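Working notes for the structure below.
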């Protein structure tokens with residue numbers, strides 16, 4: 001009997017190492033990589049371009065429907081939002097509003113449908129509610145954890161900011177995100193403390209878990 005496409009769901013707070021691990025896993029396993037956070041960042045950027053209120057759920061849904069998501073060719077194939085580059089999507093302005101646009105239930109339901117479509121043929125999918133909402137039946141569920149200082153240090157390196165600025169941004173982002181999607185491991189998820197492991201060690205541990213969870217029984 002043929003096996004259904006493999007879905008690996010990775011959840012965790014901002015700066016916990018989701019993107020690094022998800023991209024590494026996807027490359028190692030020859031699977032597409034879907035960073036769902038980019039979808040909400042693109043919506044925040046679109047709202048800024050259109051001068052739309054982050055409180056206007058209807059306007060945000062219309063803007064979301066105008067976004068074009070696809071998997072860019074590469075190793076691994078990776079989510080890309082047409083018309084938006086990394087510099088804009090990771091800017092402090094977008095960072096400060098992404099939680100506000102993502103809090104609307106109608107917007108989240110629409111995004112959830114797109115995320116499922118992107119992962120339908122198998123993918124490594126990362127975000128904040130992937131294993132709890134988007135793919136609750138994922139073959140492998142990972143939950144990444146790291147202390148705030150470690151997460152702030154990573155964000156400082158990624159965004160070329162001071163550690164203090166990154167720490168303040170992480171705390172503010174946590175508070176905003178928690179109001180929409182309280183962060184808890186999904187049932188059956190395996191927790192990895194990325195603060196205690198390097199990038200290569202984290203990838204090795206995740207690959208071990210994937211092999212264990214997908215081995216024939």
Residues that are within 26 Å of residue 23 (Cβ to Cβ) and touching a residue at least 40 places away in the same chain (Cβ under 8 Å), drawn from the stretch 45-79: 45, 64, 69, 71, 75, 76, 77, 78, 79
Criterion (touching a strand residue (DSSP E or B) at 6+ places or on another chain (Cβ under 9 Å), at pLDDT 75 or above and within 16 Å of residue 98 (Cβ to Cβ)) met by exactly one of 139, 129: 129
Qualifying residue in the stretch 205-217 (condition: surrounded by 13 or more Cβ atoms within 10 Å (Cβ to Cβ), under 17 Å from the mean Cα position of the chain (by Cα), modelled with pLDDT of 95 or more and over 25 Å from residue 95 (Cβ atoms)): yes
Restricting the stretch 12-46 to residues that are assigned to a loop (DSSP other than H, G, I, E, B) and modelled with pLDDT under 95, the residue that is nearest to residue 153 (Cα to Cα): 15
Residue in the stretch 184-204 that is surrounded by the fewest Cβ atoms within 10 Å (Cβ to Cβ), counting only those that are outside any loop (DSSP other than H, G, I, E, B) and out of contact with any strand residue (DSSP E or B) (no Cβ under 8 Å at 6 or more places or on another chain): 200
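The values are calculated or read from the model by the stated rules, or taken from the named source; none is laboratory data. Keep in mind the model is a prediction, meaning the values are calculated, not measured. Cβ: placed from backbone, ideal geometry, glycine included. Neighbour counts: every protein chain shown.
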